[in-house]
Amino acid sequence: MTTSTIERAYQLARAGAAPDVVRLKERLKADGCRAVDALLAPRSIRGHLEAICAATYAAHRSPPPTSEVPESDTPESDSPGEA
């Protein structure tokens, strides 16, 4: 079964494949989807895709959190010269 243009748009948006709807449309057209502009024209669809793109693109591009332990939380070692 073939994926519709709108379904493919949501798949790409959720995958973080585009930062905004303009780039998402470009990607869909490059992938051979038809009637992209007309199908994504309704404000409700465009707004929803814009929000998904913004959230997932940022999440996929941000560096992973580090697991560094702050210096103040590291246990102090007993040095031979300390009392």
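The values are calculated or read from the model by the stated rules, or taken from the named source; none is laboratory data. It should be emphasised that the depicted structure is a prediction, and the values quoted were computed from it without experimental measurement. Please note: Cβ atoms are built from the backbone with ideal geometry, for glycine as well, and neighbour counts cover all protein chains shown. All accessible areas refer to the heavy atoms of the entire protein, side chains included, with ligands and DNA or RNA removed. Shrake-Rupley method; radii C 1.70, N 1.55, O 1.52, S 1.80 Å.
The residue that is modelled with the highest pLDDT, counting only those in region 54-64 that are in contact with a Gly (Cβ under 7 Å, 6 or more places away or on another chain) and over 21 Å from Ile6 (Cβ atoms), is Ala59. Sub-7 Å Cβ pairs linking a first residue in region 20-35 that is in contact (Cβ under 8 Å) with a residue 12 or more places away in the chain and open to solvent by 50 Å² or more (accessible area, probe 1.4 Å) to a second residue that is aliphatic (A, V, I, L, M) and not in a helix (DSSP H, G or I), at least 6 apart or interchain, are Arg27/Ala17; Arg27/Ala18, ordered by first then second residue. For beta carbons closer than 9 Å, sequence separation of 6+ or different chains, a first residue in region 39-52 that is closer than 15 Å to Leu12 by Cα and assigned to a helix (DSSP H, G or I) and a second that is at pLDDT 95 or above and basic (Lys, Arg), the qualifying pairs are Ile52/Arg14.
If the condition is being part of a loop (DSSP other than H, G, I, E, B), open to solvent by less than 50 Å² (accessible area, probe 1.4 Å) and either of a type in the set (A, V, I, L, M, F, W, C) or over 17 Å from Arg61 (Cβ atoms) (or both), then region 5-19 contributes Ala17, Ala18. All conditions but one from (1) at pLDDT below 95; (2) open to solvent by 40 Å² or more (accessible area, probe 1.4 Å) apply to Ala51; the one that does not is (1).
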